[in-house]
Every structure is written in structure tokens, then in C-alpha cells.
Amino acid sequence: MRTADQDSGTRTRTVSRWRLPPWAVVALWAAVMAVAGPFAGKLGDVEVNRAVDYLPASADSTRAAKIQDALPGGESTDLVLVYHRDGGLTPADRALAARQTGAVASAHTLTAPPRAVPSEDGTTLMYPVSTTEPGQDDEARTAFVDEVRETARS
């Protein structure tokens, strides 16, 4: 860039600036996004959005939220255990399903006892399972689901 010198009017001087070509700026931003991108997905794991999480433990709102978590229909974890056999469930299959759902019910506090819902053709039994035991704790919820799956596999 050339500019005229204000003092002499006849002399000119060259001012040079170091400039990045446009493709280098784009490449730099792409590199930053590639490095930062994987961390953006992890933000939701540490995010806390409930108002009561910012209140003292002795606050009435906090105590009410804890009671609400324990009530049925609040923060419930709902599953459906499905038993299926193409040719139709045998009496042994039905007995196994009843034992496994009984084991789940005795190991956890459920909102209601699991009741079998049979299909019209007799090939499938479904047992709805619901609990508020884990509350809003994602790790406890995952542990509950894993325990139910393990019981159903055995």
C-alpha cells in the first residue's frame, strides 16, 4: 500500500503489511473447528439445567424437588420387557418371563407390579416396568437399565 507523506508532498513511502491469503484463513478456522468439535458434544454431559440445582439444600424448593423425584410419574425410568417366540410362547417361556420380572420387581422399587400384556397370536408377552428409583441421576438410571437387561438375559 502506498501513501503520500504529509510533510513533503513529493515523497512517497511504502507501507507493507503482512496479510494472510484467504485460503489460509479458511484453513486456520477449519483446524480450530476440527480440534474443538469433539469437546462441544461433551458439554451436555456436564450441563446442569434445573433451577433447584443452584439453590441451597435447605431451601423449600430443593426439598420439594427431592420429594417430587420420589413420586410416581415424576422422573421415571420406563422399560418394556418383551418375550417372543415365532411359533408361540410355551408354558416354560411364560414361567421364565414371570420369574425374571419377579426378580426385577423384588430387586427394585417399581411404581407398579409388572403385569403381562400378551399379543393376540400368543407369540409375544410384554411386561411394562417403571421406577422412580434412579430419579434424575443418569448413572443410576443406566445402572438400573443394565441390571434389568442382565436379569432378562439370564
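Restricting attention to the range 86-98, report how many residues are at negative phi and either loosely packed, with under 12 Cβ neighbours inside 10 Å or more than 32 Å from the chain's Cα centre (by Cα) (or both).
9
Does ASP86 satisfy being over 21 Å from SER154 (Cα atoms) and out of contact with any strand residue (DSSP E or B) (no Cβ under 6 Å at 6 or more places or on another chain)? Explain how you work it out, then say what you get.
Details: over 21 Å from SER154 (Cα atoms): no; out of contact with any strand residue (DSSP E or B) (no Cβ under 6 Å at 6 or more places or on another chain): yes.
Judged against the criteria, ASP86 is not a match.
Out of the range 103-154, which residues are loosely packed, with under 14 Cβ neighbours inside 10 Å, assigned to a helix (DSSP H, G or I) and not β-branched (Val, Ile, Thr)?
Once the filter is applied, which keeps residues that are loosely packed, with under 14 Cβ neighbours inside 10 Å, assigned to a helix (DSSP H, G or I) and not β-branched (Val, Ile, Thr), the range 103-154 yields SER106, ALA107, ASP138, GLU139, ALA140, ALA143, ASP146, ARG149, GLU150, ARG153.
Does THR101 satisfy being among the hydroxyl-bearing types (Ser, Thr, Tyr), closer than 29 Å to GLN68 by Cβ and free of Cβ contacts under 8 Å to residues at least 60 places away in the same chain? Full working, then the answer.
Numbers: among the hydroxyl-bearing types (Ser, Thr, Tyr): yes; closer than 29 Å to GLN68 by Cβ: yes; free of Cβ contacts under 8 Å to residues at least 60 places away in the same chain: yes.
For THR101, the condition - among the hydroxyl-bearing types (Ser, Thr, Tyr), closer than 29 Å to GLN68 by Cβ and free of Cβ contacts under 8 Å to residues at least 60 places away in the same chain - is met.
All of the numbers you see were taken from the coordinates with simple rules; none came from a lab. Please read these numbers as outputs of a predicted model, since none were measured by experiment. So basically every Cβ, Gly included, is an ideal-geometry build from the backbone, and we count neighbours across all protein chains shown.
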